[in-house]
Every structure is written in C-alpha cells, then in structure tokens.
Amino acid sequence: MRRWPYVVVTALVSAAVAVWAIPHLGDDPSTSVTYRGNDVGPALPRLSLDTVVDPMAAQVMLLAAGVALLVQVYSTAYMGDDKRYRSYAWLIVLFEIAMVAVVATDNLFVLLIGWEIMGVCSYLLIGHAWELPQARAGAAKAFLVTRIADIGLLVAIIVLGQTYGTYRISHLIDAAGQEEPRNATAIGLLLVLAVVGKSAQVPLHTWLPDAMPGPTPITALIHAATMVAAGVYLLARLLPVFETSQVAMTTLAVVAAVTMLLAALFAVAQTDLKRALAWSTVSQLALMFAALSTGNAAAGINHLVSHGAFKALLFLGCGVAMVAVGSSALSAMGGLRKSLPVTFWTMTIGFAALAGVVPTVGFFSKDGVLDALHVATDGEATLGGATAWVVLVVAVLTSGVTAVYATRLWTSTFLGAPAPAHGERRAMVGPLLLLAVACLALSVGQELHVGIGALSTLVAAVGIVAALWLRDRGWRVRFGRPLADELGLDAVFVRAAPAVTLGAARMVDAIDADGIDVYPRGGAWFAQRASWVIGAVQSARVQVYATIVAGGALLIVIGSVAAGVGS
Amino acid sequence: MPLLYPLLLSAALFGIGLYGVLARRNAVLVLVGIELMLNAVNLQLVAYDAWFAETLHTGQVLTLFVIALAAAEIGLGLAIVLAMFRATGTIDVDTVEREVEA
C-alpha cells in the first residue's frame, strides 16, 4: 500500500495550521468569526465556530501540527506491512484536527467535542493491534478513565455557562476578571477532575502507562502533542476563571506535587523503556500543572511545548530501538550506540532535555516552572506561600529523580554490552533529527533564571552522578519492588472498578427481576390460566357446543319453571 | 284425549333426538336425531292446534311448513354427508373434524 498520500494529507493539514498559527505567535489574540448558530434563547448554549488564537494557542497548535506530521512520516517506516494502515493514518490526521479544534476554539462545546474526539482517537489507536489482549485492555482502560474525567468537564462547562451566562471562552475570561467569583470552587474542582483524567495525574494516572501496547508513534503523539497536552492547555486557557478559587488551585498543586514525584520514582524502577518514558510523561505533566497552579500559564505552556519536543523525540527514538532489538524491555537493549548512531545522538539530546541539562530546551522550560513556583512562595498568588514552598521542594526533588532515571534509561539503552540489532531507517531517523534540532533551537530566546538554573543544574548533576554510581553497583537498590509494582495503586482500579460495576449490575438485575419482571410474568401467568379455562370450553367440536346450548336451554327452562312455581 | 299424552310423547321424542344429535358420532344418525326433534315439534304443533281448536288451524299449517323444511334439510344434510364421505372416506364426525384440523 502506498503511504506517501497520507503524509501529503497530514503535511497539508499541518501547513494550514502553521499558516494560521504563525502570525499570532507574538501578536495579540486574533478572533475570527466563522459561523454563529441561531440564538435559541438563554436555556440552550449557542454553538459557534469562533476561534481565538493567541500566542499560547499558536504554540500548542504548531506543536500538535509538527509532531503529528513527524509521526506520520515516521509511521510509514515504523508500521511495517500493517494491514490496517489506512485507518491508522487517518486517525492520526483526525487526532491532529481535534487537538487544533480544542486549542483554537472559543466555544466550550466545540472544545468538548474536540476533547471527546481525541478520547475516541486514542482509544482506537491504542487498540490498533486489537489482536493483543493487553492492547484491548489498555484501550478500554484509557477510554473509561478519561470518560470519568470527561464527565467532570461536561458538568464544569454547564456550571460555567449557567454561572456566567455564556459559553464563549473569551467572554468567560472577561467576566471572571470583572465580576465577583461565583461557584468558583465547584468549577475549579470539576476542571481539576477533567484534567486529572485527561492528563493522567494521581489518582487517575494508571491509564497512561497501560496505553503502551499502542504503536510507539501513537504513544509519541498522545504523550507529546495531543490528548494529555489538552488537559494542560485547557487549564491554561481557563486559568483566569480557574484561579479565582484557592481551593481548586491548592488541590491542583497537591495533585501535581504527589504525581510528579511518584511518577518519577516509578519511572526509575521500570524495566521497560517505553513504560518508563510513559511515567516520565506523567511526572512532567505534573510539573506543568504545578506551574499552572501558581497562576503562571506561560511557564506551563512553555514546558508543554518543550516537553512535547523532547518526549516525541524520546518515544520515536524508543520506537527505533524497539524495531532494532524487537522488544521494549531494557534488558533486551544495551550497547545500541554503535548500531543506532543517529538514534543515540538524538536521544542523548532528548534525555539531556528530560534531565534538564544546559543548553537544551528542557533546562530552560523546567527552570521556568521552578521559577514560577519560587515566585509564588511570596504568597501573593492565589496559591498559598507555604503550599508553593512544598511544591517547589518536591519539584526540585523530582528534577533530581528525573535526572536519575533519564541517565539510567540512557545508559541501559545505549551503553554496555552491545545487543544484536538491525539498523536504522531513513524515514524514522529523519523525524528524530528534526526533533533534536527543535530541542536545541527552542532554547533560543528562552529566559534564563540564574539562581534557579544553578540549583537545578546542581540537582541534575547530583542525579546523573548518582545514577552512574548506582549503575556501577548494578542497580542493586532495595526500593525496587514496590516501585516497580507502582505501589499497587492500579490494583484499586483493577479490583474496585469491576467489583462496583458488577455489584451495581447485580443490584439492578435483582430490582429488575423482583420489582419489574413480576408484573409481566404475573400477567402472563394469569393469561395462561385464563386461556386454559376458556380453551377447555372452546374445543372446536360442534357437538360439545350443541351440548352446552342444550344444557343452557334446559337451565333456562328449569329456572323459569322454578320461578313460575315460586311466584 | 288429554293434552298431556301427546306432549309427553313429544318431549320423549325431542329428548331422544337431542341425545342422538349430541352423542352420536355417525353423521347420518345425527341427521336422524335432528329429524326426530323436528317431528317432536310437529307433534306439539298438532296437539296444541287440536287443543285450541282454532278456525284457521295455524298449528297444522305450520306443521306442513316444518315438514317441507325438514325434507329440504334432510336432502341438503345427506348431500353434505355424501360429499364428506367422498372427500374423507368416513362419516364419523370426530374423525372428519380431526382430518379437517390436520
């Protein structure tokens, strides 16, 4: 099957998005009115296709367009002779368009539609290899968990609309700036629920690592540019509304703090390269949420874009290594430096960005987050100063752990005894090179926070040295088992969700059997008995009928004679 | 002659005829039962006619009508029985019923 047409289609879409977004990178937001639905009164939302592209939206749109295009190019080589390539390729395009819709729209319901389309796309793409039971399970899990969160978003949208009387995001933001906050805590907590599910934060974090049976390019797409990024973007977009509630901001900060450290520790203990990278995504997303919880949307989005670049690079590189050795287990890799030189160099840049090493973009964007937290410690933001201190300490700690696992993954993939491996393919390393360049080029013009930068470099250096030291000792560490089992947090879902569902189903079944079925069954029973009685009379034998008629006549005669005698 | 005797005879004839219609399985004997019942009625008509001693003798006239009717009825009935026998090979009413149902 020819595959370049799909690349051409994706390139056209991406080019259109780029043409749309690039002029707004530095500009004021531009509004374009494309379509307004009929006004159907205040009770129903008015659907419109208005878009607002501000610099923040433009960045995320470019990220989504770029990564989707690179993933499409990469997939032409990665997917081998996959027999469902057509649906796969179109879903990537749909995924990209849905993400752009979420980012650019000014209408909350259009946003919701894009958000749900992404949920469906990720379900279908994670379950692309549906012959594998774990792919089916991962897809269903991703879909169900994000659905739970989507309910939060839907209710949040309705509450927002009822509170402010509009479903247009720009109007909401204006209104939130001027009026007294109303329903702020409810809206904030519902939004937190929505993004916690979509962006895989504690406690709804378990779907993301279980989505790993999906094709690796899809993992890159989901983790870097779409889906999980939508959660971060949603909060950044609605931040003026969201930050009116201190409760919601504090909740977000706590969730982010717990998630970033926990996920980073899980990443350290993984034995599978792809799964470790998945946990790393969870941890990095938490870092973005930490920035948002201080009210600094720019820092969060900056890290989102930078993370998108280096995490796409890492996942695509991981895919090259998986194709080369035929497995994603770290034990199957090692010494790939020689057989996969381009992958080695590009992924080195990616891991450096993940660990926050100068001069990669990861260093600058992470420092932006840390700086946002540091600024918030003065207590002037909505977030309390003490909370900000705690989150800052956790974030710094997380940077250290991040450096540890980045180094560990890097060394166990590329150093050591060479594993047997096939070579690289051009369509696969091309995107890697571009992303590696992006990881360095995006650093240009980034703000440098000297004090924070020095601290994070020190922490990263300590982490790298610790990782190298642990590697020499063969990674014999006691913390391994519970962390590799991810503290059994998933068991809660795996056990509780089916138990609750089955319990509810049994209850409903009992109600159905004893409360509702009784009536039709009783009716049927009665009708059957009645039909026996009537059926006994209706024997279809004329002589029986005649007997009845004669008997009846006799009765009438006897009756009238008796009455005549009586009177 | 008292009215009671012909009436008792008529009631006896009607009862025998009714029994024949209800209990017999042979179609010809069912028709015979019907014939008996009709004649029981005829007997009553004549008896009452004599009892009332009416100048127009409506009872006797009605009896003639009933005899004509009975002749037509038995002609038609036997024709049906004959057709039934030709079609099914039997004149047992139950057997015919079962075969028609089947």
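The values are calculated or read from the model by the stated rules, or taken from the named source; none is laboratory data. Please read these numbers as outputs of a predicted model, since none were measured by experiment. Neighbour counts are summed over all protein chains in view; Cβ atoms, including those assigned to glycine, are modelled from backbone coordinates with ideal geometry. Side chains are part of the model used for accessible areas, which takes the heavy atoms of the whole protein and leaves out ligands, DNA and RNA. Shrake-Rupley method; radii C 1.70, N 1.55, O 1.52, S 1.80 Å.
Can you tell me how region B:4-101 classifies by the Cα gyration tensor, rounded, prolate or oblate, using a/c under 1.5 as the rounded cut? It is oblate, given that a/c is not under 1.5 and a/b is not larger than b/c.
Keeping every protein chain in place, order A:D371, A:D512 by accessible area at 1.4 Å, biggest value first, i.e. largest first.
A:D512, A:D371
Packing around the peptides A:217-226, A:458-467, taken as the average count of other Cβ atoms within 10 Å per residue, puts them in this order, highest first: A:217-226, A:458-467.
Computed as a quarter of the hull surface, the mean projected area of the alpha carbon convex hull for chain A stands at 41.6 nm². Averaging the Cα positions of each part gives two centres, and for region A:269-284 and region A:221-263 these lie 19 Å apart. Per the accessible-area calculation with a 1.4 Å probe, the total area buried between chain B and chain A rounds to 600 Å². Solvent-accessible area assigned to carbon and sulfur over chain A amounts to 69 percent, based on a 1.4 Å probe.
For the protein assembly as shown, the solvent-accessible area with a 1.4 angstrom probe is 46 square angstrom per residue. Think of it as helices only: each DSSP H run of n ≥ 4 in chain B is worth -39500 (n - 2.57), and spread over all residues that comes to -29500 deg cm²/dmol at 222 nm.
Across B:D94, A:D81, the residue with the most accessible area heads the list, and the full order at a 1.4 Å probe is A:D81, B:D94. The apolar share of the surface of region B:4-102, taken as the fraction of accessible area on carbon and sulfur atoms (1.4 Å probe, ligands and nucleic acids excluded), comes to 75 percent. Seen from B:Q60, the other residues with C-beta closer than 14 Å to its C-beta sum to a net charge of -2, counting Lys and Arg as +1 and Asp and Glu as -1.
Please state the relative contact order of chain A as a whole percent: Cα pairs under 8 Å, 6+ residues apart?
Relative contact order of chain A: 12 percent.
A Cβ-based charge dipole, computed about the Cα centre of chain B with Lys and Arg at +1 and Asp and Glu at -1, lands at about 140 debye.
In terms of solvent-accessible area of protein heavy atoms at a 1.4 angstrom probe, what is the ranking of A:H24, A:H303, highest value first? Spell out each step's value before the answer.
Numbers: A:H24 30, A:H303 0 Å².
My answer, sorted largest first, is A:H24, A:H303.
If R0 is taken as 45 Å, the Cβ-Cβ distance between A:A497 and A:Q538 corresponds to a FRET efficiency of 0.20. Mind jotting down the distance between the C-alpha centroids of region A:93-157 and region A:504-561, whole Å? So the separation of the two Cα centres works out to 56 Å. Compare each residue of region A:534-567 in its chain alone against the assembly with all protein chains, and report those whose accessible area goes down by 50 Å² or more; 1.4 Å probe, heavy atoms. Buried by 50 Å² or more upon assembly, which counts only protein chains, are A:R541, A:Q543.
Shape class of region A:258-484 from the Cα gyration tensor (axes a ≥ b ≥ c, square roots of the eigenvalues): prolate, since a/c reaches 1.5 or more and a/b is larger than b/c.
The amide H of A:D272, built 1.01 Å from its N in the peptide plane, has A:L330 as neighbours under 5 Å, considering only residues 5 or more places off or on other chains. Loop-located GluC sites (Glu not before Pro) across region B:1-100 with a Cβ neighbour count of 13 or fewer within 10 Å are B:E54, with loop assigned by DSSP. Split chain A at each of the GluC sites (Glu not before Pro) in a DSSP loop with at most 13 other beta carbon atoms within 10 Å, and the longest piece is A:180-379.
The relative contact order of region B:4-101, computed from alpha carbon pairs under 8 Å that lie at least 6 residues apart in sequence, is 27 percent. For a Förster distance of 60 Å, can you work out the FRET efficiency between the beta-carbons of A:V159 and B:L7, rounded to the nearest 0.05? The calculated FRET efficiency here is 0.05.
What is the sum of charges around A:I173, taking Lys and Arg as +1, Asp and Glu as -1, for the other residues whose C-beta is under 13 Å from the C-beta of A:I173? Cβ neighbours under 13 Å give a net charge of -3.
Could you tell me whether region A:517-566 comes out rounded, prolate or oblate from its Cα gyration tensor? Rule is a ≥ b ≥ c as square roots of the eigenvalues, rounded for a/c under 1.5, then prolate if a/b exceeds b/c, otherwise oblate. Since a/c reaches 1.5 but b/c is at least a/b, the shape of region A:517-566 is classed as oblate.
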